[in-house]
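Take a look at the structure below.
Rule-based calculations on the coordinates, nothing more; no lab input. Everything numeric here is computed off the predicted structure, so don't read it as measured data. Every residue, glycine among them, receives a Cβ derived from its backbone with ideal geometry; neighbour counts consider all protein chains shown.
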Amino acid sequence: MPPRRVDDLPKGADSARVRIRLDKIASATRNVELHRDVTVGGPIPATAGTVVAVRVLDNKVVYNQVEDVHGRMTRVQRGDVVAGVLGARQALRGYAGRVPQRVERGDVLHLLNLGGVIGECTSSNPDVGPPCRVEVLGAVMTFPELGRRVGVPASIFPGPVALADRLPAKVPPVVLVAGTCMHAGKTAAACLFIREATTRGLKVAATKVTGVALRRDSLEMADHGAVAAVTFVDAGIPSTTGIEVEAVAKGCIAALADVGADVLVVELGDGILGTYGVDKILADPEIRALDGALVLAATDPVAAWGGVKLLEATGWAPAVVTGPATDNTAGSDRVAERCGVPAVNARASTSAFADTVLAALEGSILGGAA
């Protein structure tokens, strides 16, 4: 029987299950390994990680793309049927949203990010306009018991990376990359360090442990030479806001601890004052005790100064400041003068940036004297 037309689906919490064809499969779903033809039904678990099929209701000029499971950006248009994942987001320069207490077939929710995280938008940034509305068609079903037609709502949790309460006994030296805000240059700094360290003969593994689902960052790390790269999505988490993020971070680090890397780069998505759990990770005693160095990416000199002071107040000593605050000497000289921390632009002076980070790795402890 061919997949059913989405116009024919009943509304509400009806548990009837039907076959539909997906036009787009968002990268946030990748742990489930979906095919184009799926079965959808209800009731729909209103929990982060539930995989849902939705129909796009709007045509947007901006923020009108979804990243597919291969990392390619594809345009979404009104009428497209998309598989995404329920989740929350708290992005200053994007959307803020949450998972509703109840989700039923026919509900109108919003596309909260490019990776396909879907929820109820509570606030938006004027630069991206109103979020794209989507109509819920049902939970995508999986059939775990071979030969039986008993399906269960799909979830990206658990993923291939296990959560961990403790770090393994041996972890390579770690370069933590934190930022004052999203779009502060964290991923660029991480990737440029990976490339430079790799050209010097070091094996580098990489992970992003906080943020909202988007495969682009880990793919970029791999493209720059990382021998292995995982993110919190590999642990089955669509967004790290409002969760016990320490277990996620430790799981990602543990997954890379035995790949033979000389250095492990750990990107902390969002900013140090954001709600994705960066502060919890920086406060964790096991993370603080790791051998390594902390890089701070800052958008401007005031943000750099505030970021350094905030970190110092919690016992941290950044090894270097980078990002847009150091785009030229008008910023980098002032940051170095006022903050007492080297300020090196990772893009313009990649070798010097890597020199500074590698020098800080020599015999250092991430959390200072803690």
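The residues D279, D355, D223, when put in order of fewest to most other Cβ atoms within 10 Å, stand as D223, D355, D279. Taking other C-beta atoms within 10 Å as the exposure proxy, K208, K60 rank K60, K208 from fewest upward. Per-residue 3J(HN,Hα) values for segment 128-137, derived from phi via the Karplus relation 6.51 cos²θ - 1.76 cosθ + 1.60 with θ = phi - 60°, read 10, x, x, x, 5, 7, 9, 9, 6, 9 Hz in sequence order (x marks Gly and Pro).
Beyond 19 Å, what percent of the Cα pairs of segment 174-361 remain?
Values: 9287 of 17578 pairs.
So the portion of pairs separated by more than 19 Å is 53 percent.
For D262 and T122, compute 0.36 nm times the residue count separating them, minus their Cα-Cα distance, and round to one decimal in nm.
Difference between extended and current length: 46.1 nm.
Computed from backbone phi, the HN-Hα couplings of segment 279-287 come to 4, 5, 5, 5, 8, 6, x, 5, 5 Hz, rounded to whole numbers (Karplus: 6.51 cos²θ - 1.76 cosθ + 1.60, θ = phi - 60°; Gly and Pro given as x). Taking a sphere under 14 Å around the Cβ of G277 and counting the other residues whose Cβ falls inside, with K and R at +1 and D and E at -1, yields a net charge of -2. Rounded to the nearest 0.05, what FRET efficiency do D223 and A16 have when you use their Cβ-Cβ distance and R0 = 41 Å? The pair D223/A16 has a calculated efficiency of 0.40.
Amide H contacts under 5 Å for A293: V174, V175, L176, restricted to partners 5 or more places along the chain or on a different chain, H placed in the peptide plane at 1.01 Å from N.
Taking label positions 7 Å along the Cα-Cβ direction at both A283 and T74, the computed distance is 4.1 nm, reported to one decimal.
Work out which GluC sites (Glu not before Pro) in the chain are exposed loop sites (DSSP not H, G, I, E or B, at most 15 other Cβ within 10 Å) and give the longest gap free of them. Longest site-free region, per DSSP loop and neighbour criteria: 245-361. Between V152 and V302, the simple spin-label model (points 7 angstrom out along Cα→Cβ) gives 5.2 nm.
Rounded to the nearest 10 degrees, the angle from helix 301-313 to the longest Cα principal axis of the chain is 80 degrees. Based on Cα atoms of segment 243-349, Rg over Rh with Rh as the Kirkwood radius reads 0.99. Shown in residue order for segment 324-337 are the 3J(HN,Hα) couplings computed by the Karplus curve 6.51 cos²θ - 1.76 cosθ + 1.60 at θ = phi - 60°: x, 4, 10, 4, 8, 5, 4, x, 5, 5, 5, 4, 4, 5 Hz (x for Gly and Pro).
Among the lysines of the chain, pairs at least eight places apart or on separate chains and with Cα atoms under 14 Å apart come to 4. Computed about its Cα centre, the charge dipole of the chain is approximately 1100 debye, with only Lys, Arg, Asp and Glu carrying charge at their Cβ.
Restriction of the trypsin sites (Lys or Arg not before Pro) in segment 150-199 to DSSP coil positions whose beta-carbon has at most 13 other beta-carbons within 10 angstrom yields R166, K170.
Once you divide the Cα radius of gyration of segment 217-278 by 2.2 N^0.38 Å, the number left is 1.13.
Ordered by the count of other Cβ atoms within 10 Å of each Cβ, fewest first, L137, L163 give L163, L137.
Less than 15 Å Cβ to Cβ from L163, Lys/Arg counted +1 and Asp/Glu -1: what total charge do the surrounding residues give?
Details: positive: R166, K250, K280; negative: D165, D234, E244, E246, D284, E286.
Here the charged neighbours net out to -3.
Once R0 is set to 45 Å, what does the formula 1/(1 + (r/R0)^6) return for the Cβ-Cβ distance between A162 and E337, expressed as a FRET efficiency to the nearest 0.05? Intermediate results must be reported in sequence, preceding the final value.
Details: r = 46 Å, r/R0 = 1.01.
Efficiency, rounded to the nearest 0.05: 0.50.
Based on every Cα atom in the chain, Rg and the maximum pairwise Cα distance Dmax equal 21.4, 71 Å. List the pair-distance distribution P(r) of segment 6-153, using every Cα-Cα distance, as the percent of pairs falling in each 5 Å bin from 0 up to the bin containing the longest distance, rounded to whole percents. Using 5 Å bins, I get a P(r) of 2, 11, 21, 24, 21, 12, 5, 2, 1, 0, 0 for segment 6-153.
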